[in-house]
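Reading through the structure tokens given below for one structure.
The values are calculated or read from the model by the stated rules, or taken from the named source; none is laboratory data. Computed from a prediction, not measured in an experiment: that's the story for all the values here. All Cβ positions, even for glycine, are placed from backbone atoms using ideal geometry, and neighbour counts span all protein chains on display.
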Amino acid sequence: MSIRQLILYAVCLANLSLAAQTIPPNSTALAGPLSLAQTLEAAKLNAAARISQQDLAAAKSDILAANRSPLPNFSAKAAATDSASGANGTGLPSANAPRKTDKSLSLDWTFERGGKRALRTEAAHLNAQAAQADYAETQLQQQMMAKDLFFDLLSAQERTQHLNAIAVAAEATASSAKVRHRAGDLSAQEMMRVEIDAERAMADYRKSLLEEKRASISLVQNLGMTSSQPISLAKDWPPISNLPLVQSQSLASWISDRPDVRSAQFHAQASQALLENAKALSKVDPTIGMSIDSNPGNNKRLTELRVQFPLQTSSTYEGEMGRATAQYFQAQTMLEQTKLNAEAEWQSMREAYTASMMRHKMYTEEILPRAHKVLAQAELAYAKGAAPLVDLLDARRTLKTSLLEALEVQAEHAKTFTALQLRASKP
């Protein structure tokens, strides 16, 4: 292979690699059951998270912009002169007098005093750290939203399965009722009640299919994925158990590790640096310049050294210092409020998880087994003619209501369980 072919091959590989990097990571189609872990990882790369990531990149660029001294100023000038001016006795330049050019080159530097550059850079660095914490908080918030959508879709899929089973059973009962009515064993009124119940069960099933489709679209859009068909989820329901991290982790440590609290802390420190920078404005920044001028009369050069500084006669930067002071106290207030909000959220999350766990346990261990038992007894009694049709229909409605309520409780338990895990985990 020639050198030219090797170069072309390397360029093609580089272009393919660049194209692969520019494709959004979440733009691939879904394949197979989607797990909760995959959902949470995909949520960290969605559009909102990528926007926050670009904010972080911009904040890091601000450090480079802040850590820069004023640029020197260079100037050059040239002026035409008449060395024979007034030689004809009239005081006016002679037409035949030779003209010479006066040239000058200047360079000026402004020197910042009071540590302005260091304070400005420190504030930019702290703002970049706050942007890093904001990025982590944005990812966490997107995961919180994604887990809600995940369990909404999972409960919608299981609700559809339950309603499908109920609709099938109701249709079988309606078919049996028609046979019994033709045999004269069932009145027309009871047969119509069974048919109405079967039609209502089918309507509920179709409505559940629509809700499942909507939940699937919401999850796919949140994750930035593409799917033309309803996606299937892995049944990643959390267990009914106490979270050890809720009991062992101290509240103060948890609050200090939260990304939003760390962001507020960095913003408060940055505001303090900006306040010190505003106070440093009272330090005069001198401008030192040097110029070299040519003397057209004797062809000699003249070197000039000069110093300039602003006269602070009518301003002592009270406005800048007042604004920086107000922003400093505002950042301190925001930090305290963020800590209070974090503590309130922690208590609310713990109480919500405890309540949902107890309800989920009650439905799983008590309500659902009893509802299934009541329906089995009603079906047996109705088959033997020992119970009227209304008892069977009531037992089915009770089981249906219990199943749907249990799904809602299970989804709420899963959301609070996962929320505690996400919040308590280290970013």
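Kindly establish whether ILE240 is touching a Leu at 6+ places or on another chain (Cβ under 9 Å) and at pLDDT below 90. Steps first, answer last, please.
Working: touching a Leu at 6+ places or on another chain (Cβ under 9 Å): no; at pLDDT below 90: yes.
No.
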Checklist line | Members of region 367-401 found to be over 29 Å from LEU186 (Cα atoms) and surrounded by 16 or more Cβ atoms within 10 Å (Cβ to Cβ), listed by number | finding: ILE367, LEU368
Next item on the list: Taking the residues in region 343-354 that are surrounded by 14 or more Cβ atoms within 10 Å (Cβ to Cβ) and among the hydrophobic types (A, V, I, L, M, F, W, C) as candidates, determine which candidate is farthest from VAL409 (Cα to Cα).
Entry: TRP346
Note to self: Whether any residue in region 164-177 is part of a helix (DSSP H, G or I), free of Cβ contacts under 8 Å to residues at least 60 places away in the same chain and either within 36 Å of the chain's Cα centre (by Cα) or under 28 Å from PRO239 (Cα atoms) (or both) is what I want to check.
What the structure shows: yes
Item checked: Check on THR333, without any contact (Cβ under 8 Å) to a residue 24 or more places away in the chain, surrounded by fewer than 16 Cβ atoms within 10 Å (Cβ to Cβ) and either more than 24 Å from ALA118 (Cβ to Cβ) or touching a Pro at 6+ places or on another chain (Cβ under 7 Å) (or both) -> yes
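Go through region 302-344 and report how many residues are among the aliphatic types (A, V, I, L, M) and more than 30 Å from LEU107 (Cβ to Cβ). Lay out the reasoning, then the answer.
We begin by selecting, within region 302-344, every residue among the aliphatic types (A, V, I, L, M); these are 302, 305, 307, 311, 321, 324, 326, 331, 334-335, 340, 342, 344.
Of the ones still in play, those that are also more than 30 Å from LEU107 (Cβ to Cβ) are 321, 324, 326, 331, 334-335, 340, 342, 344.
Number of matching residues: 9.
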Item checked: Filter pass, THR325 being more than 30 Å from PRO238 (Cα to Cα), not acidic (Asp, Glu) and not in a helix (DSSP H, G or I) -> no
